[in-house]
Amino acid sequence: KNEVEQSPQNLTAQEGEFITINCSYSVGISALHWLQQHPGGGIVSLFMLSSGKKKHGRLIATINIQEKHSSLHITASHPRDSAVYICALSGGGADGLTFGKGTHLIIQP
Amino acid sequence: EPEVTQTPSHQVTQMGQEVILRCVPISNHLYFYWYRQILGQKVEFLVSFYNNEISEKSEIFDDQFSVERPDGSNFTLKIRSTKLEDSAMYFCASELGRNNEQFFGPGTRLTVL
């Protein structure tokens, strides 16, 4: 069974700061997903990656398969980035995604 | 842009009652999932569905749960006799192919009294 550890659990930062959220896992995977969950509860997929790095706007996701570690970075953070960011894994013998507990991010103006 | 829809957005029921949660996945997607999230906890996998049958289910998905794709567009989750501990947000997701990006619906908040 794959274990997913995210850090930090909670993060409060000032607008404009560079944000890093980390995810580590224990077993080989097909892909790692970064998801965003807003206070209303809806889940949006941000990235799916199996190697290297992806960038979308101010968001950057990286993964190191050998070290079983991924990071999500937010540049020039903004209060609208406030949400829960969830790392989830696919593959590793399971059909559905295996989710981390999430990182609760608050960006203060 | 195609999206996954779910109805109702909020369902309140009495313990022991049957509930059916409905989802309309993205039309050309082949894999379908139900997940649940108990308040304050992480999202958990319930069941996956492919080619009109269950592909995999978690230990949470016991005999009280069933899924169905009755008409080629809807994908339903039925809970036969709800318990207090079934209170949670239930998310449907669909996927074009295995190990692709999953698209989530907005969720149904189930409250069992």
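The values are calculated or read from the model by the stated rules, or taken from the named source; none is laboratory data. Predicted, not measured: the structure shown is a model, and the values here were computed from it. In this analysis, Cβ positions are derived from the backbone assuming ideal geometry, glycine residues included, and neighbour counts consider all displayed protein chains.
Pick from the range A:22-38 the residues that are under 15 Å from A:H104 (Cβ atoms) and within 12 Å of chain B (Cβ to nearest Cβ): which of them is nearest to the chain's Cα centre (by Cα)? Only one residue fits best here, namely A:W34.
For every residue, the table says whether it meets (1) within 11 Å of the chain's Cα centre (by Cα); (2) buried (at least 17 other Cβ atoms within 10 Å of the Cβ); (3) within 21 Å of A:F99 (Cα to Cα).
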site	(1), (2), (3)
B:W34	yes, yes, yes
B:S55	no, no, yes
B:D71	no, no, no
B:M89	yes, yes, yes
B:N100	no, no, yes
B:V112	no, yes, no
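Among strands (runs of 3 or more DSSP E) entirely within the range B:36-106, having at least 1 residues that are away from chain A (no Cβ under 11 Å) and not hydrophobic (A, V, I, L, M, F, W, C) singles out B:53-57, B:65-68, B:75-79, B:88-95.
Taken together, the criteria exclude B:R80 from residues that are buried (at least 20 other Cβ atoms within 10 Å of the Cβ) and of a type in the set (K, R).
Checked against (1) without any contact (Cβ under 8 Å) to a residue 24 or more places away in the chain; (2) of a type in the set (G, A, S); (3) touching an Asp or Glu at 6+ places or on another chain (Cβ under 6 Å), A:S26 passes all but a single condition, namely (1). Checked against the criterion of being in contact with a Ser or Thr (Cβ under 6 Å, 6 or more places away or on another chain) and in contact (Cβ under 8 Å) with a residue 60 or more places away in the chain, the range B:43-61 contains not a single residue that satisfies it.
Kindly check whether there is at least one residue in the range A:61-74 that is within 15 Å of the chain's Cα centre (by Cα) and within 14 Å of chain B (Cβ to nearest Cβ). Taking every residue of the range A:61-74 in turn, at least one turns out to be within 15 Å of the chain's Cα centre (by Cα) and within 14 Å of chain B (Cβ to nearest Cβ).
Tell me which residues, restricted to the range A:75-91, are surrounded by 15 or more Cβ atoms within 10 Å (Cβ to Cβ) and either more than 14 Å from the chain's Cα centre (by Cα) or hydroxyl-bearing (S, T, Y) (or both).
A:S77, A:S82, A:Y85, A:S90, A:G91
Taking the criterion of being at positive phi and either at pLDDT 95 or above or in contact with an Asp or Glu (Cβ under 8 Å, 6 or more places away or on another chain) (or both), would at least one residue in the range B:32-55 satisfy it? For the range B:32-55, residues at positive phi and either at pLDDT 95 or above or in contact with an Asp or Glu (Cβ under 8 Å, 6 or more places away or on another chain) (or both): absent.
State all residues of the range A:27-47 that are more than 17 Å from B:F91 (Cβ to Cβ) and crowded, with 18+ Cβ neighbours inside 10 Å; if no residue qualifies, say none. Those that are more than 17 Å from B:F91 (Cβ to Cβ) and crowded, with 18+ Cβ neighbours inside 10 Å: A:I29, A:A31, A:L32, A:F47.
Within the range B:1-16, residues that are closer than 18 Å to B:K83 by Cβ have Cβ atoms under 7 Å from residues that are among the small types (G, A, S) in these pairs: B:G16/B:S81, counting only partners at least 6 apart in sequence or on another chain.
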